[in-house]
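Here the structure comes first, spelled out in structure tokens, and everything after it is commentary.
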Amino acid sequence: MSDATGVLAADLAPEQAKTPEARVAGAMHGFAQEIGALSAFRLESCIHCGICADACHFYIATEDPQYTPVWKVEPFKQAYKREASPFAPLYRLLGLKRAVTADQLVQWQHLLFDSCNMCGRCSLICPMGIDVAALIEQARHAMFDAGLAPKELYQKAAHQRATGQPEASTEPYREQLLAIGTRFAVEIPLDKPEAEVMLCVPRTDIEHYPSAVAALARVMQHLGISRTFRSDGLVAENYGYYAGGKSWQRDISLRLIEQAILVKAKTLLVPECGHAYTALRWEAADLYGKPLPFTVRHVTEFLADELQAGRLKLAQAATGKTTFHDPCQLVRKGGVNDAPRALMKAMGIELDELKNHGGFSFCCGGGGGVLDIERAAPLRYRTMQNKLREIDDTGAETFLTSCSDCRRTFDDAQAHFSWNKSTHSLLELVAKNLAGAGNRT
Amino acid sequence: MDLLSFARGPALKVALAVFCLGVGWRIVGFWLLRHRRNLNKPRASVLKFLSEGFVAVGSRSWPHREFIGRTGAGEALGYSYHLGLFAVVLLFTPHILFLGSLFGITWPGLPSSLITMISVLTLTLFLAVLFRRVTNPVMRMLSNFDDYFSWFITALVMVTGLAATAHIGGPYQIILGVHILSVDVLLIWFPFGKLMHAFYIFPSRAINGALLARKGAVS
Amino acid sequence: MTHAKSELTVGEMLLRHGISRRSFIKFCTATASAMALPPWMGPAMAEQLRNSPRPSVVYLSFQECTGCLESLTRSFAPTIEDLIFNTISLDYNDTLMAASGEAAESARAKAMQDNFGKYVLVVDGSVPTGAGGAYCTAGGRSAEDTLREAAKGAAAVVCVGTCAAFGGIPFADPNPTSAWPVSAIVGDKPLINVSGCPPMPEVITGTLLQFVTTGRVPDLDEHRRPKVFFGNTIHDRCYRRPFYDQGKFAKTFDDEGARNGWCLYELGCKGPTTYNACATIKWNGGTSFPIQSGHGCIGCSEPGFWDKGSFYSPLSAPAWGKAGEVSPRQVGELAGAAVAAGAVLVLASAGVSRLRQRHGEQHTDNEPKGS
């Protein structure tokens, strides 16, 4: 059965340790019971036109119809029609829809996790205005309940929920953070009792791009803003979001929320991470159960505001021909369209835009947890080629982005394809080009 | 009772009743499911939220520049036959009179021969659409009974309507009877299949547009 | 006008009336041509008729308005039709005959007896069977009884008018007299329906003439009407067809369209579904027909025309109302009731669902509900 079975059986409370079939049945039943009006409306509205396939880079790269976005949620459409739709009794009575089987869901694991970045491009093309990406999110919840989240995502989510870190590390992130401060000669305010801005870091940056962590600290230090990191709420990413475990997503977000409340923060600053922004800005309050008592801002948004207010001044950056990758969760799904470009403009950078940029940009290929799923690598590489070609076609020398996981995905591709470009962080570029003295201490 | 009197008499009455009851049931049925309140702070004002919703109703009618290369032809085909259908259904005088007796208002129609030309063109496009559904691998994989039957019953209405106006295929009262009867079947089928998209399309686009605008996202 | 079986042939009768053989041949040729018979049949019919003794015709009238007889006798050129009357021996017709009472009835009985198996039985009006047949009696005998008896010795039965052919107006909802068409009573004889309300004079005479001269029933449609007269619809032959094709319809009876002779579809014309010869032969010796006069065809030669919806409601309109015309108010009531019923049913089913949902609530841990 699923890769996650062994782990699940050990992890679940005794009363929830059922047979795989029973677990699948329970998950589908739960899905049907809890589906809301909006998701139902979306499932109802699909007219099988197949146009969503033309937005999805997995389909575009492979021309394999099974990667049609709405097909990824097909068992859930089936379950909805059979159990929760207005004519559900008729469907059951006349045997018009069969119950979703465990085998079917196991097959669908590949479609829902390995071949979907949750990038939301399909939601922009559907002529019926269906938010297909939202349906995929719903489907992942049921897959998680059925014990069918891929093990890499499941394990990281479980670990993060328990410890705050997706994976064990040689040294706890707290220590690594302080070490970065020392190494790069930058202040790391940690565990202050009160602060206006609560900071967190992408663990990808701690592990792979410590200079980006330093850049965050440096820029905030330059601006002299009242800020702090908190040991008990350090990691920006949310593996519960990737794995589809909604309550785990909530628990993981709660760490940051509680710490922010504790320090009476006015702003929770999301660093260069895409899905952290989605999880905190657009989903955390619903999971929390009430509006958040602080603002959630992405670092680019925050800095763009500082720029606008005249508190941040930037020098010209000599980047030559430059292009920018718009992280899906930040731009397309997050609505942060202008901030990155405002910052780049302020540094005198004139972008040679990608053919598909802004809200229509193609995903890096690593989003939605795909980067973490080992068996998905071949498909990911195949799919990424289109994006790499687009980047090459701009003739850019410098390639920027504002999400550490995108950066990691591109650098992984650089190694795999011997690609001639490295991916650079916009925040790091900003940190390198701070002009004038800071205004506050 | 002869076929024509049956089709436009008791059969039509039943068909309209099933249509109204079914559509009402279906829409109210899923709208009664749970509604989630959005507790996240919106990026846009309520006004922008609402207006973007309205805009999305129209703007989703044509793909964005980035998508046109891949989807333009297919979408154009789909919209074309819809326009043809609307023209025939709403601008052919006997239809206007039918709708007039249902709703109490009439409007001017197009010359009948022009309608015939539009019908023939629409039917051709409609056949092309079936061909596409069957040959395109994505659509073939997605398609089920609903897709094919909805196509079939709509095609039947079109074909019998053309035959009736052209007075071919048999005695007029039989062909007209079959045409009206096929409309009755279409009305009865309507609430149960994908034809419901006629009711869904505008609210669905509006909601999607509004929710995206709420986040300040492109739609 | 009862004639005893006379020695005079038709030709001799004609000569007496001053009609030359040539004139008569011309008439028969015209009639033959109207019936799409081959040209040589005209003179042949004429010869046949002239040399034969006049066949006996018994004309029975039941629940009718006498309009069919009026049509037949209201001929434009009385001499010609009158002649036809004289080519047959009309042995019984309660309106036209001079005799009455017992004398009339015994004349009929004698004619039926003398010509048993050979007389043509012409019937107009429907046959009521309600109240034991009391709704239509003559000489103390019900229409049904009279008809059954008369049919026994008939060579053929010709049902003139929509009442005799299909039940007509008495048959229309609610049919209080339990009226029936002749064909429902008489089963075992060659039967021709010459429908219309009334039928066209030439259609009646042409049909009779053909049977009388050839002894054969003409080609009939599924309603047993002679195809030669009832094979096309009014719409097929209507001179206003070009306006129909162009979509030019009169909207009221005296608007500009009406005055310009536009198609009367919107005003309820049933031409497309009505089979008759009105558009070609026309009425009053070819003067006009209803559409030409500006009124839509009411479909009077069709079965159940009275119950097929309002005369003024177009063919494409729904027709389920009592009066046949469906008003928007009725539609609104129907739709409203249906939507309300649907809403009630689904609310009930949703209530049941919610109860079931609350039951199954404990199985997941604290998950935020619904999205």
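The values are calculated or read from the model by the stated rules, or taken from the named source; none is laboratory data. Nothing here was measured: the structure is a model prediction, and the numbers come from that model. No Cβ is skipped: glycine too gets one built from the backbone with ideal geometry, and neighbour counts run over all protein chains shown.
Residues C:Gly268, C:Gly294, C:Gly309, C:Gly231: which one is touching a residue at least 12 places away in the same chain (Cβ under 8 Å) and under 20 Å from C:Phe171 (Cβ atoms)?
Result of the check over C:Gly268, C:Gly294, C:Gly309, C:Gly231: C:Gly309.
Of all residues in the stretch B:161-197, how many are more than 13 Å from chain C (Cβ to nearest Cβ) and among the polar types (S, T, N, Q)?
Summing the residues that are more than 13 Å from chain C (Cβ to nearest Cβ) and among the polar types (S, T, N, Q) in the stretch B:161-197 gives 1.
Hey, does the stretch A:117-139 have a residue that's away from chain B (no Cβ under 14 Å), surrounded by fewer than 22 Cβ atoms within 10 Å (Cβ to Cβ) and touching a Pro at 6+ places or on another chain (Cβ under 9 Å)?
no
Go through A:Thr319, A:Thr300 for me and flag whichever is β-branched (Val, Ile, Thr), assigned to a loop (DSSP other than H, G, I, E, B) and surrounded by 15 or more Cβ atoms within 10 Å (Cβ to Cβ).
A:Thr319
How many residues does the stretch B:70-103 hold that are touching a helix residue (DSSP H, G or I) at 6+ places or on another chain (Cβ under 7 Å), farther than 22 Å from B:Ala163 by Cβ and among the aromatic types (Phe, Trp, Tyr)?
Matching residues across the stretch B:70-103 total 1.
Given the criterion crowded, with 22+ Cβ neighbours inside 10 Å, out of contact with any Cys (no Cβ under 8 Å at 6 or more places or on another chain) and modelled with pLDDT under 95, identify the matching residue among C:Gly309, C:Gly304.
C:Gly309
State all residues of the stretch C:132-172 that are not aliphatic (A, V, I, L, M) and not in a helix (DSSP H, G or I); if no residue qualifies, say none.
Hits for the stretch C:132-172 are C:Tyr135, C:Cys136, C:Thr137, C:Gly139, C:Gly140, C:Arg141, C:Ser142, C:Gly153, C:Cys159, C:Gly161, C:Gly167.
Just to be sure, is C:Val182 at negative phi, at pLDDT 95 or above and in contact with a helix residue (DSSP H, G or I) (Cβ under 6 Å, 6 or more places away or on another chain)? Spell out the reasoning first.
Values: at negative phi: yes; at pLDDT 95 or above: yes; in contact with a helix residue (DSSP H, G or I) (Cβ under 6 Å, 6 or more places away or on another chain): yes.
Spelling it out, C:Val182 is indeed at negative phi, at pLDDT 95 or above and in contact with a helix residue (DSSP H, G or I) (Cβ under 6 Å, 6 or more places away or on another chain).
Looking at the stretch C:225-247, can you tell me whether even one residue there is aromatic (Phe, Trp, Tyr), surrounded by fewer than 15 Cβ atoms within 10 Å (Cβ to Cβ) and more than 14 Å from chain B (Cβ to nearest Cβ)?
As a first pass, look at the stretch C:225-247 and keep what is aromatic (Phe, Trp, Tyr): C:229-230, C:239, C:243-244.
Applying the additional criterion that residues be surrounded by fewer than 15 Cβ atoms within 10 Å (Cβ to Cβ) yields C:239.
Next, from what is left, pick out any that are more than 14 Å from chain B (Cβ to nearest Cβ): C:239.
For the stretch C:225-247, residues aromatic (Phe, Trp, Tyr), surrounded by fewer than 15 Cβ atoms within 10 Å (Cβ to Cβ) and more than 14 Å from chain B (Cβ to nearest Cβ): present.
Return the residue satisfying two criteria in turn: it lies in the stretch B:57-77 and is surrounded by fewer than 17 Cβ atoms within 10 Å (Cβ to Cβ) and closer than 20 Å to B:His197 by Cα, and of such residues it is nearest to the other protein chains (Cβ to nearest Cβ).
So the residue we want is B:Ser61.
Looking at (1) within 14 Å of another protein chain (Cβ to nearest Cβ); (2) in contact (Cβ under 8 Å) with a residue 12 or more places away in the chain, which is the only condition A:Ala285 fails?
(2)
May I ask you to list the residues in the stretch A:261-282 that are part of a helix (DSSP H, G or I) and either among the polar types (S, T, N, Q) or surrounded by 24 or more Cβ atoms within 10 Å (Cβ to Cβ) (or both)?
Of everything in the stretch A:261-282, those that are part of a helix (DSSP H, G or I) and either among the polar types (S, T, N, Q) or surrounded by 24 or more Cβ atoms within 10 Å (Cβ to Cβ) (or both) turn out to be A:Gly274, A:His275, A:Ala276, A:Tyr277, A:Thr278, A:Ala279, A:Leu280, A:Arg281.
When both residues are 6+ apart or on different chains and their Cβ atoms are under 6 Å apart, which pairs have a first residue that lies in the stretch A:298-322 and is in the same structural domain as A:Met220 (by TED's automatic domain parsing) and within 24 Å of A:Val270 (Cβ to Cβ), and a second that is among the hydroxyl-bearing types (Ser, Thr, Tyr) and at pLDDT 95 or above?
Close Cβ pairs (under 6 Å, with a partner that is among the hydroxyl-bearing types (Ser, Thr, Tyr) and at pLDDT 95 or above) amount to A:His298/A:Tyr277; A:Thr300/A:Ser402.
So which of A:Glu74, A:Glu63, A:Glu44 is surrounded by 23 or more Cβ atoms within 10 Å (Cβ to Cβ), at the interface with another protein chain (Cβ under 10 Å from one of its Cβ atoms) and free of Cβ contacts under 8 Å to residues at least 60 places away in the same chain?
None of the others qualify; the one that does is A:Glu44.
Mind counting the residues in the stretch B:78-117 that are over 30 Å from A:Cys56 (Cα atoms), in contact (Cβ under 8 Å) with a residue 24 or more places away in the chain and away from chain C (no Cβ under 12 Å)?
4
Could you tell me whether any residue of the stretch C:16-31 is within 30 Å of C:Thr162 (Cβ to Cβ) and at pLDDT below 75?
No, because not a single residue in the stretch C:16-31 is within 30 Å of C:Thr162 (Cβ to Cβ) and at pLDDT below 75.
Determine whether B:Thr154 is exposed (fewer than 14 other Cβ atoms within 10 Å of the Cβ) and modelled with pLDDT of 95 or more.
Against the criterion (exposed (fewer than 14 other Cβ atoms within 10 Å of the Cβ) and modelled with pLDDT of 95 or more), B:Thr154 does not qualify.
Yes or no: A:Ile51 in contact (Cβ under 8 Å) with a residue 24 or more places away in the chain, at the interface with another protein chain (Cβ under 7 Å from one of its Cβ atoms) and either within 24 Å of B:Pro137 (Cα to Cα) or surrounded by fewer than 23 Cβ atoms within 10 Å (Cβ to Cβ) (or both)? Steps first, answer last, please.
Numbers: in contact (Cβ under 8 Å) with a residue 24 or more places away in the chain: yes; at the interface with another protein chain (Cβ under 7 Å from one of its Cβ atoms): yes; either within 24 Å of B:Pro137 (Cα to Cα) or surrounded by fewer than 23 Cβ atoms within 10 Å (Cβ to Cβ) (or both): yes.
Considered against the rule, which asks whether it is in contact (Cβ under 8 Å) with a residue 24 or more places away in the chain, at the interface with another protein chain (Cβ under 7 Å from one of its Cβ atoms) and either within 24 Å of B:Pro137 (Cα to Cα) or surrounded by fewer than 23 Cβ atoms within 10 Å (Cβ to Cβ) (or both), A:Ile51 comes out as yes.
Quick grid of which residues meet (1) under 18 Å from C:Phe211 (Cβ atoms); (2) of a type outside the set (Asp, Glu):
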site	(1), (2)
C:Gly11	no, yes
C:Ser20	no, yes
C:Lys26	no, yes
C:Ala36	yes, yes
C:Gly42	yes, yes
C:Glu64	no, no
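Would you pick out the residues in the stretch C:173-204 that are surrounded by fewer than 22 Cβ atoms within 10 Å (Cβ to Cβ) and β-branched (Val, Ile, Thr)?
Within the stretch C:173-204, C:Thr177, C:Ile185, C:Val186 qualify.
Here is a list of conditions, (1) closer than 21 Å to A:Cys49 by Cα; (2) at pLDDT below 95, and A:Ser115 meets all of them except one; can you say which number that is?
Evaluating A:Ser115 over (1) closer than 21 Å to A:Cys49 by Cα; (2) at pLDDT below 95 leaves (2) as the failure.
Could you tell me whether the stretch B:130-150 includes any residue that is more than 14 Å from chain A (Cβ to nearest Cβ), in a helix (DSSP H, G or I) and either of a type in the set (A, V, I, L, M, F, W, C) or crowded, with 21+ Cβ neighbours inside 10 Å (or both)?
The answer is yes; a qualifying residue exists.
Sort through A:Glu237, A:Glu207, A:Glu258 and tell me the only one that's in contact with a Pro (Cβ under 9 Å, 6 or more places away or on another chain) and either surrounded by fewer than 23 Cβ atoms within 10 Å (Cβ to Cβ) or part of a loop (DSSP other than H, G, I, E, B) (or both).
Working: A:Glu207 fails: in contact with a Pro (Cβ under 9 Å, 6 or more places away or on another chain); A:Glu258 fails: in contact with a Pro (Cβ under 9 Å, 6 or more places away or on another chain).
Answer to the check: A:Glu237.
Let me spell it out: the conditions are (1) part of a helix (DSSP H, G or I); (2) at positive phi, and C:Gly117 meets all of them except one. Which number is the exception?
Among (1) part of a helix (DSSP H, G or I); (2) at positive phi, C:Gly117 violates only (1).
Suppose we filter A:Ala55, A:Ala37 for residues that are modelled with pLDDT under 95 and on the phi < 0 side of the Ramachandran plot; which single one remains?
Answer to the check: A:Ala37.
List the pairs whose first member sits in the stretch A:350-362 and is under 20 Å from B:Ser219 (Cα atoms) and in a loop (DSSP other than H, G, I, E, B), whose second member is at pLDDT below 95 and not hydroxyl-bearing (Ser, Thr, Tyr), and whose Cβ atoms are under 6 Å apart, counting only residues at least 6 apart or on separate chains?
Hits for this filter: A:Asn356/B:Glu66.
Do we have A:Gly147 as within 13 Å of chain B (Cβ to nearest Cβ), buried (at least 22 other Cβ atoms within 10 Å of the Cβ) and at positive phi here?
no
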